[in-house]
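Note sheet for the following structure.
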Amino acid sequence: MTRTRRSRAWAMLLGGVALTVAGQSQAQTSSPPAKAEAPAEQDQVTITSQRMPAAEAPRSSTCEVLSRDPFLRASGLAARAYLPTRPTRNPDYSAPPSVAPGSPLPELSKTRFGVRDVEGADMPTSSGPSALDGTAAEMGSAASLDQNSLAAAIGACRSAYMRGGGDTSASGGSTGFIPANSGALETGVPMSDPEWRVAAGNARYLESRSFIASRDTTLPMGFALFDQGRYGEALDWFRKAANKLQMREGGDEAALFVGKIYLQGLREQSDPAEGVKWLKKAATAPFDPTKETPMFDPRQPDRNTAVGEAAVILANIYSNGFGPVAKDPAQAREWYERASKVGHVPGAKRLGDIYYEGIDTPRDVAKAVSWYRQAAKLNHPGAQVALADILWNGEEGVPQDRTAALGWYQAAARNGSAAALYALGRAYDLGEAVKADPELAMGFYKTAALGGNAAAKVAMGTYFYEGKQVPKDDAMARKWFEAGAAANDADGMFNLAAMMARGEGGDKDVAKAIALLRRAALQGHEAAPRAIAALQRR
């Protein structure tokens, strides 16, 4: 994305040509709270001093953690908690298996993904303050929560998310809030009512489905074999699981992995077309946003659910084509949109990129902003930075709004975005849209540099070279410029070349300096060609 490049210059005279060591810019700044564009504090639910569940924790775990907040428990919001996501399994399919095919089947752990006792025996049983809550001193008045209320809320969470207790039809009919061990007659319908038999039958059916799903070993065995690299054997177990389990019982995970193995896990026997069929089964599984929206961690944005992962894989396949599956940009966009609809926030970010860059579709900045804004509001740091970049200067029908841009940079910086931290540093350095504050600027630059931002590394080198804010130190400046150049930053290459040509902060090496300047020139650095000519004349 286009950003204004700012040079802090000093002259290193080489044959009358000034090589300027530039500490650039690419980022923008944080400042006072942003306006309407920034996420409103009152719209956020902040949970403090509580640890969210692990990736493959039971589906009710998040609900249970939130239930320990008395306000959320009283309001009933905890029962609509986001579901846990899990890291995707993307092994090197060409690598040899860790266990030889045909070996004895692995033993299954009860805590393994997909294994769940129907009474919840493998889940935490404490209903009072626990390790999730911190100490009584930390909790203050929260340590004296109504234990009966808390126990009931946790029981409701476990019932709501009990495997096998969800929807039982492709269209999603049941609410999913029928406990697996509720008993057939607990239907809520009077026995005298003609609909009692139907309700009782539905309850029995849901209970039997829950019993089957909770004692299933086909899905966890598929995962165990998959993780050993025994993909052919895993495929058989995943197919069994897909035939046995309905979508909300684990059938979506089974269909996803059947698709992934067919796609590229069988080596020369792989069948991408068959894989796409199975991926579409998983990607179109029923989805209820009120109970199945996944948790989103802005620091781990690629964590996903089976439905979302299948949609993203399909989008990637159609973006480029894969074997016999032809490239189809329109379908790719549809699947990214599906991923976004089922709660995979990076799907919306990717659509923003597609429209902003005009990838296989006309460039449309307004549409890109719409998708970026959707993902930014859901706390995607990359989307927050992309949206801020556009708003900083304004583009094609999108008016400039630096106050809003600063708010989005702040939001992304809170999520650990090095690009946003650099942008904030640059804004306070230059006094753009905020009052200049050199010390604050350097703090942002340093944090961004340590987070890997190449431009911020060059800015840190500039501080040490100029001797402003810190004592002048050519050796340290040269190290920072080397780090920037290694990260492919054109100003870092140019500045390092300038120091090499003079022998500042280290050995003099004109040949290497010219090579670095050529790399910088290829990246569009305007001063590099003149500097090359000056060095060659010498």
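The values are calculated or read from the model by the stated rules, or taken from the named source; none is laboratory data. What you see is a predicted model, and the numbers here were worked out from it, not measured in a lab. Backbone-built Cβ (ideal geometry, glycine too); neighbour counts: all protein chains shown. Note: accessible area is taken over every heavy atom of the protein model, side chains too, but ligands, DNA and RNA are not part of it. Shrake-Rupley method; radii C 1.70, N 1.55, O 1.52, S 1.80 Å.
The single residue among LYS468, LYS472 that is modelled with pLDDT under 95 and among the charged types (D, E, K, R) turns out to be LYS468. Close contacts from segment 442-459, counting a first residue that is within 18 Å of LEU430 (Cα to Cα) and without any contact (Cβ under 8 Å) to a residue 40 or more places away in the chain and a second that is aliphatic (A, V, I, L, M) and surrounded by fewer than 24 Cβ atoms within 10 Å (Cβ to Cβ), with Cβ to Cβ under 7 Å and a gap of 6+ residues or different chains, come to LYS457/ALA483; LYS457/ALA487.
Has segment 366-378 got at least one residue that is at pLDDT below 95 and not in a helix (DSSP H, G or I)? Among the residues of segment 366-378, at least one is at pLDDT below 95 and not in a helix (DSSP H, G or I), which makes the answer yes.
Between ALA513, ALA520, ALA485, ALA501, the distinction of being in contact (Cβ under 8 Å) with a residue 40 or more places away in the chain, open to solvent by less than 60 Å² (accessible area, probe 1.4 Å) and part of a helix (DSSP H, G or I) belongs to ALA501 only. No other residue among LEU245, LEU263, LEU235, LEU314 is free of Cβ contacts under 8 Å to residues at least 60 places away in the same chain and farther than 26 Å from LEU105 by Cβ apart from LEU314. Applying the criterion of being open to solvent by less than 50 Å² (accessible area, probe 1.4 Å) and at pLDDT below 70 to the residues of segment 200-232, the residue that is nearest to the chain's Cα centre (by Cα) is LEU206.
Residue-wise test of (1) more than 15 Å from the chain's Cα centre (by Cα); (2) of a type in the set (S, T, N, Q); (3) open to solvent by less than 30 Å² (accessible area, probe 1.4 Å).
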position	(1), (2), (3)
LYS244	yes, no, no
LEU256	yes, no, yes
PHE287	yes, no, no
GLU309	no, no, yes
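Can you name every residue in segment 447-456 that is surrounded by fewer than 24 Cβ atoms within 10 Å (Cβ to Cβ) and closer than 16 Å to ASP437 by Cβ? Hit for segment 447-456 is THR447, nothing else.
Checked against (1) among the small types (Gly, Ala, Ser); (2) over 25 Å from GLN410 (Cα atoms); (3) surrounded by 24 or more Cβ atoms within 10 Å (Cβ to Cβ), ALA459 meets all criteria but (2).
Anything in segment 402-441 that is of a type in the set (Asp, Glu) and open to solvent by 40 Å² or more (accessible area, probe 1.4 Å)? List them, or say none. Answer for segment 402-441, where residues must be of a type in the set (Asp, Glu) and open to solvent by 40 Å² or more (accessible area, probe 1.4 Å): GLU432, ASP437, GLU439.
Going by the conditions given, is LYS435 closer than 24 Å to TRP392 by Cα and either in contact with a Ser or Thr (Cβ under 8 Å, 6 or more places away or on another chain) or not in a helix (DSSP H, G or I) (or both)? Yes, satisfied. Is it true that MET295 is under 25 Å from GLU337 (Cα atoms), open to solvent by 50 Å² or more (accessible area, probe 1.4 Å) and touching a Pro at 6+ places or on another chain (Cβ under 7 Å)? Against the criterion (under 25 Å from GLU337 (Cα atoms), open to solvent by 50 Å² or more (accessible area, probe 1.4 Å) and touching a Pro at 6+ places or on another chain (Cβ under 7 Å)), MET295 does not qualify.
Within segment 352-367, at least one residue is aliphatic (A, V, I, L, M), open to solvent by less than 30 Å² (accessible area, probe 1.4 Å) and within 29 Å of ALA315 (Cβ to Cβ). Contact map, segment 330-347: residues that are on the phi > 0 side of the Ramachandran plot paired with residues that are in a helix (DSSP H, G or I) and surrounded by fewer than 24 Cβ atoms within 10 Å (Cβ to Cβ), Cβ distance under 9 Å, separation 6+ or inter-chain. Pairs shown: GLY343/PRO289; GLY343/GLU292.
Selection within segment 370-401: residues that are open to solvent by 50 Å² or more (accessible area, probe 1.4 Å) and of a type in the set (D, E, K, R). The member of this set that is nearest to the chain's Cα centre (by Cα) is LYS377.
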